[in-house]
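Comments concern the structure below.
The values are calculated or read from the model by the stated rules, or taken from the named source; none is laboratory data. Just so it is clear, the structure is predicted and the values come from calculations on it, not from any experiment. All Cβ positions, even for glycine, are placed from backbone atoms using ideal geometry, and neighbour counts span all protein chains on display. Ligands, DNA and RNA are stripped out before the accessible areas are found, and what is left, the full protein with its side chains, is counted by its heavy atoms. Shrake-Rupley method; radii C 1.70, N 1.55, O 1.52, S 1.80 Å.
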Amino acid sequence: MAVKKLAIYLPLLLVETYLIGTIIVFLFGPIKYYLESPFEFFCFIFFYHACSLFGYVMGVARTQCRVMQSGARFFYKPYYALLVVGLFAFLIGHKNFIGVESIIPYDLLDGIQGGLRSSSEQYVIRNESQALYGGDKGLNALYFLIAFSKIIIIPIVVFYWDKLTILARIVGVGLSILPVLSGISVGTNNPIFQFVIFYGVSLFLFFARNKILTGRCDFKSRSFFLFTVSSLFVFALFFFGNAMLGRGGDPSYLEKTSPLGHIKIDPSYIYSDEDSFASYLYVWLSNYLVQGYYGLSRAMEVDFTSTFGFGSSQFVARQVQWLFGIDVLNSTYQHKVNSFWDENAQWHSMYSHLANDFSFFGVGIVMFIIFYNFARVWLSFICLDSFYAKLLLPLFGLMFVFMPANNQVFGFLETFSAFWIVYICWLAKLPRSFTRHSK
């Protein structure tokens, strides 16, 4: 069965619509950002989008694809082994996340209660604990190899729900929600939003392929996940809003994040007793969503210093410093503009992080490569029902959602590990016939 063009280009349309929407929020949202060189800034933004579009189109052009019915079998032994590994990965990840020496989360329940009661207090306690935490390098090396298991369990549960026993369903969903509980226990929003994004993208993939194959999405078969993810998304918004209220209070606090006075809040959104929680939430969400663009604009004002392929990811940079004693972070754009955009407190767009290694012009090439692979992974999913594409596409989704804000996928151990391990497996299993060879 041939693939319709809408099905081929749907992910690109969704991603571009979202990214253009973030630019609109950056320009016309409740927070006003001053740009030193707006012409240069928007020229580069246009350049990156053009490279992304070209990369996706070339990825499609290089792919030979006809939709195949799924005949994949489900293997229970690897699934249960994954659950065991995933539980161990959670224990290590939680240990590192809250900054304690014990791998057994004795205080998890108390932390959850504290996080629900006052997320800002738990956040302060966690930061104090992290400041004194030395870590375990041997355990972290093991964690790098197994951290992916916590992430890939989500699309596996979504796609193979019908094949799982009741016990396998309960354990799989339970394991996937543990990082959310860990995030609540320390008053941090990111694990909750990641949970929603991974499940949301996985559900979209399931419904999209059903629509392509059968003409219907089959929402009913995944109604449990639709309800769970929707409910947790609403909870995430309220948890985020209350957390920001406790940490920053009045949205005018955001103006203080720019010592140069380049950030101003629309006066109609300044918090008062009469303001609605929704408007307050909108200000803080827009700040988290697009503040990275301002960091990008500031980075464009300083000279490029190569970090030799190690500076685009904070995780990789820290490993280089640990192994070789070389601190490449001092050469990054984030460090160079630290005096007027705090590298440890404020965000930079993914473009800025990539520029540490490739320069701002070189980022265009990277965007081409990312979207070229994105197209081929998507087509391998809808055409070949690729198992590894099912695991990889939610990571692409996370990357694109956070692209205006930071380098979420490549900047942190768990997602860095998951992306490259799954990508290598996807590449190794890709049939040679999938590539269209020019005559």
Which one of Ala50, Ala141, Ala208 has the biggest mean-square fluctuation once the chain is modelled by GNM with Cα springs under 10 Å? Ala141
Partner lysines for Lys429 [C-alpha distance under 19 Å; skip if fewer than 8 residues away on the same chain]: Lys390
Reduced to Cα centres, the span from the range 1-63 to the range 356-402 in Å works out to 13 Å
Fraction of alpha-carbon pairs in the range 69-129 farther than 14 Å apart, rounded to whole percent, equals 68 percent
Show me the ranking of peptides 38-44, 430-436 by mean Cβ neighbours inside 10 Å, starting with the highest. 38-44, 430-436
In Å², what does the accessible area per residue of the chain work out to with a 1.4 Å probe? 46 Å²
Less than 22 Å apart at the alpha-carbon level, and either on another chain or at least 8 residues along: which lysines does that give for Lys32? Lys256, Lys264
Which entry is the computed Rg/Rh (Cα atoms, Kirkwood Rh) for this structure: (i) 0.95; (ii) 1.14; (iii) 1.06? (i)
In whole percent, the fraction of accessible protein surface over the chain that belongs to carbon or sulfur atoms, probe radius 1.4 Å, stands at 66 percent
Selection of trypsin sites (Lys or Arg not before Pro), the range 1-39, meeting DSSP coil and at most 13 other Cβ within 10 Å: Lys4
Trypsin sites (Lys or Arg not before Pro) in the range 198-257 lying in a DSSP loop, each with at most 12 other Cβ atoms within 10 Å of its Cβ, come to Arg216
Mind ordering 388-394, 309-315 by average Cβ neighbours within 10 Å, highest first? 388-394, 309-315
Using a Gaussian network for the chain with springs between C-alpha atoms less than 10 Å apart, which of these wobbles most: Ser129, Ser380, Ser202? Ser129
Per residue of the chain, what 222 nm ellipticity follows from adding -39500 (n - 2.57) for every DSSP H run with n ≥ 4, rounded to the nearest 500? -22500 deg cm²/dmol
Peptides 337-343, 101-107, 148-154 ordered by average Cβ neighbours within 10 Å, highest first: 148-154, 337-343, 101-107
Rounded, prolate or oblate: which fits the range 340-439 when a ≥ b ≥ c are the square roots of the eigenvalues of the alpha-carbon gyration tensor, with rounded for a/c under 1.5 and prolate only if a/b beats b/c? prolate
